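The values are calculated or read from the model by the stated rules, or taken from the named source; none is laboratory data. Note that the structure is predicted; figures quoted are calculated from it, not measured. Glycine also receives a Cβ, built like all others from the backbone with ideal geometry; neighbour counts cover every protein chain displayed.
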Amino acid sequence: MLEIIHRISSRIRHSRFLKNQRWLWEKVEPFWEKVFEWFSNRHGYSTHINEDVFKLLYIFGSRYDRFDQRVYEPSFYQPFVQRIREGMTVFDIGAHIGLFTLGAAKRVGKEGQVYAFEPSPETVKILERHISLNGWQDRIELVTAVVSDVNGIVPFYTYGLSMAASLGRENVEVLNPEYLDTPARKIDVTAITLDQFCMDRDIFPDILKIDVEGAELMVLRGAKNLLLNNQITILCEIHPKQMKNCGSSLQELTEYLDSFGYCLKPLDKPNELGTFHSIITPREWRRNKI
């Protein structure tokens, strides 16, 4: 019922009669969102994410499930979930509020496992709630750490619940133009490498999803043993401009992957910030070798 009311009201809000009446919406919106958030916090808001339906908090569900748009990064999401099978182990690095985490959990089943890596404290609370609302605590483990090329405590920059959080301050501010009037918040977080994490747990992922706002090479530099001894499929959002602020480049990333027998292929065209999505897979000779 909550979802039906929202979608009907959304159609009315964007109708040709009210589309330009911003003043009216500004008066109604605060009360409207409080009421819906209260209801969704107990039972969740059924949200269409591409072809999936998940329970989210209203503030996020209403953002991604609108009458005129029910897709979320389809060129990245679909290749990711289409490769997941029951019983697989999946790492979601840079999980944010959990859209890819939930997509993976739906497909790995009870015998599989999803590890969601997210360092931002505010975002972790939302992610925990989304995992609980969907009843997948049995197959999702939340790892409150940033994945990097070192183990220890490192500075991390964030804007609360914003999707853009990074190891580099400049990256957060560029990717969050609406927040340019205030500086990004610096916090200290736990950093881990994938090699150390996998060795400690004695696990090996089948699929990695990486969305780390420019720290792509840092993540993979901490996964040398993983890349060397396993055949992994990696879905990675590439931020060439932001990589420079993290001390690397797209060329360095491709050369690094090539040294381990992996090939990076774009899934779409770069956006206005130069960001694009990619799939990273073992080359043919490597698949035959292992």
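Could you tell me which residue of segment 119-145 is modelled with the highest pLDDT, considering only residues that are outside any helix (DSSP H, G or I) and of a type in the set (Ser, Thr, Tyr)? Give the steps one after another, and end with the answer.
Taking segment 119-145 and keeping what is outside any helix (DSSP H, G or I), we get 119-120, 134-145.
After this cut, where a residue has to be of a type in the set (Ser, Thr, Tyr) as well, the list is 120, 144.
Numbers: 120: 89, 144: 96.
Filtering segment 119-145 for residues that are outside any helix (DSSP H, G or I) and of a type in the set (Ser, Thr, Tyr), the one modelled with the highest pLDDT comes out as 144.
Tell me, yes or no, whether segment 69-91 has at least one residue that is crowded, with 22+ Cβ neighbours inside 10 Å, more than 18 Å from residue 211 (Cβ to Cβ) and of a type in the set (A, V, I, L, M).
No, every residue in segment 69-91 fails to be crowded, with 22+ Cβ neighbours inside 10 Å, more than 18 Å from residue 211 (Cβ to Cβ) and of a type in the set (A, V, I, L, M).
Give me a count of the residues in segment 230-260 that are of a type in the set (Asp, Glu) and in contact with a helix residue (DSSP H, G or I) (Cβ under 7 Å, 6 or more places away or on another chain). Working first, answer last.
Taking segment 230-260 first, the residues of a type in the set (Asp, Glu) are 237, 252, 255, 258.
Filter once more, keeping what is in contact with a helix residue (DSSP H, G or I) (Cβ under 7 Å, 6 or more places away or on another chain): 237, 252.
Total satisfying the criteria: 2.
Scan (1) in contact with a Phe, Trp or Tyr (Cβ under 6 Å, 6 or more places away or on another chain); (2) in a loop (DSSP other than H, G, I, E, B); (3) at pLDDT 95 or above for the single condition residue 91 breaks and write down its number.
Just one mismatch for residue 91, condition (2).
Output the residues belonging to segment 86-100 that are touching a helix residue (DSSP H, G or I) at 6+ places or on another chain (Cβ under 7 Å) and either without any contact (Cβ under 8 Å) to a residue 60 or more places away in the chain or among the β-branched types (Val, Ile, Thr) (or both). Lay out the reasoning, then the answer.
So in segment 86-100, the residues touching a helix residue (DSSP H, G or I) at 6+ places or on another chain (Cβ under 7 Å) come out as 86-88, 90, 92-93, 95-98, 100.
Answer for segment 86-100, where residues must be touching a helix residue (DSSP H, G or I) at 6+ places or on another chain (Cβ under 7 Å) and either without any contact (Cβ under 8 Å) to a residue 60 or more places away in the chain or among the β-branched types (Val, Ile, Thr) (or both): 86, 87, 90, 93, 95, 97, 98.
Any idea how many residues of segment 190-216 are farther than 18 Å from residue 282 by Cβ, in contact with a Ser or Thr (Cβ under 8 Å, 6 or more places away or on another chain) and surrounded by 19 or more Cβ atoms within 10 Å (Cβ to Cβ)?
Filtering segment 190-216 down to residues farther than 18 Å from residue 282 by Cβ leaves 190-193, 196-197, 199-203, 211-215.
Next cut, in contact with a Ser or Thr (Cβ under 8 Å, 6 or more places away or on another chain) only: 190-193, 203, 212-215.
Among the residues that remain, those that are also surrounded by 19 or more Cβ atoms within 10 Å (Cβ to Cβ) are: 191-193, 212-215.
Looking only at that region, the number is 7.
Hey, among the residues in segment 146-165 that are surrounded by 19 or more Cβ atoms within 10 Å (Cβ to Cβ) and either aliphatic (A, V, I, L, M) or under 18 Å from residue 91 (Cα atoms) (or both), which one's modelled with the lowest pLDDT?
From segment 146-165, those surrounded by 19 or more Cβ atoms within 10 Å (Cβ to Cβ) are 146-148, 156-159, 164-165; that's our starting set.
Right, trim to either aliphatic (A, V, I, L, M) or under 18 Å from residue 91 (Cα atoms) (or both) and you get 146-148, 164-165.
Numbers: 146: 95, 147: 97, 148: 95, 164: 59, 165: 63.
Taking the candidates together, the pick is 164.
Checking residue 220 against (1) over 21 Å from residue 272 (Cβ atoms); (2) in a loop (DSSP other than H, G, I, E, B), which single condition isn't satisfied?
Unmet condition: (2).
Of the numbered conditions (1) modelled with pLDDT of 90 or more; (2) within 21 Å of the chain's Cα centre (by Cα); (3) more than 28 Å from residue 255 (Cβ to Cβ), residue 210 satisfies every one except a single condition; which is it?
Evaluating residue 210 over (1) modelled with pLDDT of 90 or more; (2) within 21 Å of the chain's Cα centre (by Cα); (3) more than 28 Å from residue 255 (Cβ to Cβ) leaves (3) as the failure.
When you scan segment 109-129, do you find a residue that is surrounded by fewer than 19 Cβ atoms within 10 Å (Cβ to Cβ), in contact with a Lys or Arg (Cβ under 9 Å, 6 or more places away or on another chain) and basic (Lys, Arg), even just one?
Yes, segment 109-129 contains a residue that is surrounded by fewer than 19 Cβ atoms within 10 Å (Cβ to Cβ), in contact with a Lys or Arg (Cβ under 9 Å, 6 or more places away or on another chain) and basic (Lys, Arg).
Here are 208, 235: which of them is under 19 Å from residue 115 (Cα atoms), in contact with a Pro (Cβ under 7 Å, 6 or more places away or on another chain) and not in a loop (DSSP other than H, G, I, E, B)?
Numbers: 208 fails: in contact with a Pro (Cβ under 7 Å, 6 or more places away or on another chain).
Being under 19 Å from residue 115 (Cα atoms), in contact with a Pro (Cβ under 7 Å, 6 or more places away or on another chain) and not in a loop (DSSP other than H, G, I, E, B) holds for just one of 208, 235, which is 235.
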